[in-house]
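For reference, the structure is listed below as structure tokens.
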Amino acid sequence: MLQRIRVPLGFAVAALAVYSATPTGTSLVLGLPIAMLGVAFRCMAAGVIKKDSRLATGGPYGWTRNPLYFGSFLLAVGFAVMGGNGVTAALLLIPSAVIYPVVIRNEEAHLDRLFPDEFRLYRSRVPRFFPRWRSGFVSSFSFAQYLANREYNTLLGFAVAVGAFVGKWLWG
């Protein structure tokens, strides 16, 4: 169930977060780099993953088994900081803490069924969520794959949300 509602829920939470936000120049300057790092993580991951056809292990998938969710988490943290208050932070961070663990467990069970031997070895080498930075980064990024995964929607949503926060800061 969480699998299906997480995206529509995300839009509703984002709208409430923007509504409740009280951004300041300082909160924007502090939160923006965190959110940008989240976008970068998601973009790198989307250019690698070919869902259900092969196990993604290169690029950011060599640091964390869930770089798309980790990127989304960084986006939420960045926007929580930009929001400038505890209500906005709670609106953004509590759903992440509740939804991601469940969705990640379900997706990992699915990968274990699709790629049993490969996933077991991968799982033993790469942490589930928080990255373990390693040298020897091997990227298999493909811009065509990035487009096929429609990750440009994240970039668009990021721009709209930053614009909304800046607008609230400037015009209250």
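What's the number of the only condition in (1) β-branched (Val, Ile, Thr); (2) closer than 14 Å to Val162 by Cα; (3) free of Cβ contacts under 8 Å to residues at least 24 places away in the same chain that Thr22 fails to meet?
(3)
From (1) modelled with pLDDT under 95; (2) under 26 Å from Ala15 (Cα atoms); (3) surrounded by 12 or more Cβ atoms within 10 Å (Cβ to Cβ), pick out the condition that doesn't hold for Trp171.
In the conditions (1) modelled with pLDDT under 95; (2) under 26 Å from Ala15 (Cα atoms); (3) surrounded by 12 or more Cβ atoms within 10 Å (Cβ to Cβ), Trp171 misses (3) alone.
What are the residue pairs meeting all of these: first residue in segment 90-114, first residue within 21 Å of Ala17 (Cβ to Cβ), second residue of a type in the set (Val, Ile, Thr) and at pLDDT below 95, Cβ atoms under 7 Å, and 6 or more apart or on different chains?
Cβ pairs passing all conditions: Leu91/Val13; Leu92/Val13; Pro95/Val13.
Only residues that are under 19 Å from Arg42 (Cβ atoms) and either assigned to a loop (DSSP other than H, G, I, E, B) or of a type in the set (Val, Ile, Thr) (or both): list them for segment 102-122, please.
Val103, Ile104
Here is a yes/no grid of residues against (1) touching a helix residue (DSSP H, G or I) at 6+ places or on another chain (Cβ under 6 Å); (2) more than 22 Å from Ala35 (Cβ to Cβ); (3) not in a helix (DSSP H, G or I):
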residue: Ile99; (1), (2), (3): yes, no, no
residue: Ser124; (1), (2), (3): no, yes, no
residue: Trp133; (1), (2), (3): no, no, yes
residue: Asn153; (1), (2), (3): no, no, no
residue: Val162; (1), (2), (3): no, no, no
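Arg128 fails exactly one of the following numbered conditions: (1) assigned to a loop (DSSP other than H, G, I, E, B); (2) at pLDDT 95 or above; (3) exposed (fewer than 12 other Cβ atoms within 10 Å of the Cβ). What is the number of that condition?
(3)
The values are calculated or read from the model by the stated rules, or taken from the named source; none is laboratory data. Please read these numbers as outputs of a predicted model, since none were measured by experiment. Don't worry about glycine lacking a Cβ; one is built from the backbone with ideal geometry, like all the others, and counts go over all protein chains shown.
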